[in-house]
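Student: Here it is: the structure, laid out below.
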Amino acid sequence: MYSAADFIPTSYTSTIENGNFEWSAPSNIALVKYWGKKDNQIPANPSISFTLNNCKTITKLAFSKKDTSASTNGFSFDLLFEGKPKEDFKPKIQKFLERVEAYLPFLKDYHFTIDTQNTFPHSSGIASSASGMAALAMNFMSLEKKLNPEMTEDYFYQKASFLARLGSGSACRSVKGNVVVWGNQANIEGSTDLFGVEFPYTIHENFKNYQDTILLVDKGEKQVSSTVGHDLMHNHPYAERRFAQAHENLDKLIAIFENGNIDEFIKVIESEALTLHAMMMTSMPYFILMKPNTLQIINAIWKFRNETQIPVCFTLDAGANVHVLYPENVAAKVRQFIQDELVVFCQNSQYICDEIGNGAIAL
Ligand code: PMV
């Protein structure tokens, strides 16, 4: 298991003048939520997520060596979104480069062109920071691997997740699939605050190919940025109890993944979603990020589940959109239900069908 110091390279054995890489990295949906952090993007509690398959960012990184005289003059990069220069994304990338510079000491030696696009619609309310930071981290690791060809695969992926975490916490869960844990949890061997690791224990057949249909309720700008959101957990009256509860829920999930009990799974997952929002409603300042249609959807899911006994449930991010989660063997019936009863609550009837996936891919 690596520590942060292991990710600071001392010297490189190879050189490279220019080239390019391309990686895709998916989004992920947390089952036990990360909400609250300490310095350096260390989570206040552990989290676990399903890696998604279809919602992803595809990022191409072109690099060329600067003349040595220019190499100390700060970072040099162009940022393209869907092929066109995008100035408003640059400060986020600049900040990321500053945070990871100690771990990637070659960054100031090159000029980079970062060309990025998402497979999900722009301003869908789906955060692209997890997939975006993960895709960028993979590209930088490909470059580091050229400089240090002896690098092991374990080091490559763990450091990629470590770097992604410094960009956006939940991004560290987007490097690998299918179920990823991030944060120290006594009962999960290998779990660490530093990067995401694949859930190391048995996952019952019931959870293979789990489906996630994302209902786009509100596609507006995020009302609360995640930086502001995590900050709300400082001096929050329920913070300590909440952090303890996340550990308890994660332990429950270890057993649930093993025994395949979907009814118990649903209880943990829906409670986590509502607790995340309860934390926002009880912080100072306070926020309500659900919209009327979010509640309409939740109530319709509960009614449908009661009437049909089909094990469909919901989870939420820090926004109004609803992730509808269900096993693959009921997919046809749930899709019909979504079409018949939930699409009316989506903005412009928009929703995205996704499912559990395998993590980042080199293209
Ligand atoms: O990775 P961040 O800082 O954008 O925080 C993500 C927080 C939630 O999406 C609300 C929960 C989670 O664990 O993904």
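The values are calculated or read from the model by the stated rules, or taken from the named source; none is laboratory data. Since the model is a prediction, treat every value here as computed from it, not as a measurement. Because the Cβ atoms are built from the backbone with ideal geometry, glycine has one as well, and the counts that use them run over all protein chains shown. The area values use the complete protein model at the heavy-atom level, side chains included, leaving out ligands, DNA and RNA. Shrake-Rupley method; radii C 1.70, N 1.55, O 1.52, S 1.80 Å.
Student: With a 10 Å cut-off between alpha carbons and a GNM built on the chain, which of LYS108, LYS146, LYS56 moves the most?
Tutor: It is LYS146.
Student: Just to be sure I understand the curve: with the Debye formula and one point per C-alpha of segment 1-73, what is log10 I(q)/I(0) at q = 0.25 Å⁻¹?
Tutor: Taken in order of the listed q values, log10 I(q)/I(0) reads -1.13.
Student: Expected output is a single nm value to one decimal: the length gained when fully extending between THR13 and ASP154, i.e. 0.36 nm times separation in residues minus the C-alpha distance. What is it?
Tutor: 48.9 nm
Student: Okay, moving on. Considering only ASN293, ASN187, ASN321, give the residue with the highest GNM mean-square fluctuation for the chain, with springs between Cα atoms whenever their separation is below 10 Å.
Tutor: Top of the fluctuation ranking is ASN187.
Student: Quick one: go through segment 23-64 and flag any residue whose amide nitrogen is under 16 Å from the point 7 Å out along the Cα-to-Cβ line of THR282.
Tutor: 33, 35-36
Student: Let me ask something additional. Report the residue, chosen from SER11, SER161, SER27, that carries the largest GNM mean-square fluctuation when the chain is represented by alpha-carbon nodes joined by springs under 10 Å.
Tutor: Between SER11, SER161, SER27, it is SER11 that shows the largest mean-square fluctuation.
Student: A further question follows. Which of the three applies to segment 190-333, rounded, prolate or oblate, going by the alpha-carbon gyration tensor with a ≥ b ≥ c and a/c under 1.5 meaning rounded?
Tutor: oblate
Student: Given axes a ≥ b ≥ c from the Cα gyration tensor, I'd like to know whether the chain is rounded (a/c under 1.5), prolate (a/b larger than b/c) or oblate.
Tutor: Numbers: a/c = 1.79, a/b = 1.62, b/c = 1.11.
Judged from the Cα gyration tensor, the chain comes out prolate (a/c at least 1.5, a/b above b/c).
Student: Let me know the charge dipole size of segment 1-112 about its Cα centre in debye, to the nearest 20, where only the beta-carbon of Lys, Arg (+1) and Asp, Glu (-1) is charged.
Tutor: Dipole size: approximately 380 debye.
Student: So, with a 1.4 angstrom probe, what is the percent of accessible area on segment 209-355 that is carbon and sulfur? Write down the numbers at each step before the final one.
Tutor: Details: 3550 of 7010 Å².
After summing per-atom areas, the C and S share lands at 51 percent.
Student: What full-extension length gain, to one decimal in nm, is calculated for LYS303 and SER3 as 0.36 nm per residue of separation minus the Cα-Cα distance? Could you put the intermediate results ahead of the total?
Tutor: Numbers: separation 300, 0.36 × 300 = 108.00 nm, distance 4.78 nm.
Length gained between LYS303 and SER3: 103.2 nm.
Student: How far apart, in nm, are two points set 7 Å out from the Cα along the Cα-to-Cβ line at PHE89 and at ALA186?
Tutor: 4.4
Student: Could you give each residue of segment 344-351 its phi-based ³J(HN,Hα) in whole Hz, using Karplus coefficients 6.51, -1.76, 1.60 with θ = phi - 60°, and x for Gly or Pro?
Tutor: 4, 8, 8, 5, 6, 6, 8, 8
Student: While we're here: Tell me the angle of helix 90-100 to the major Cα principal axis of the chain, expressed in degrees between 0 and 90 and rounded to the nearest ten.
Tutor: With rounding to tens, the tilt is 70 degrees.
Student: I would also like to ask the following. May I ask you to give the percent of accessible area on segment 55-113 that is carbon plus sulfur, with a probe radius of 1.4 Å?
Tutor: Reported share for carbon and sulfur atoms: 50 percent.
Student: At 1.4 Å probe size, with every protein chain present, just tell me what the per residue accessible area of the chain comes to in Å². Intermediate results must be reported in sequence, preceding the final value.
Tutor: Details: 15950 Å² over 363 residues.
Each residue of the chain exposes 44 Å² on average to a 1.4 Å probe.
Student: When a/c reaches 1.5 or more, the comparison of a/b and b/c decides; with that in mind, is segment 4-201 rounded, prolate or oblate per its Cα gyration tensor?
Tutor: Taking the square roots of the gyration eigenvalues as a ≥ b ≥ c, segment 4-201 is oblate.
Student: Now for a different question. Using a 1.4 Å probe on the protein chains only, how many percent of the accessible area of segment 8-54 belongs to carbon and sulfur?
Tutor: Here carbon and sulfur together make up 42 percent of the probe-accessible area.
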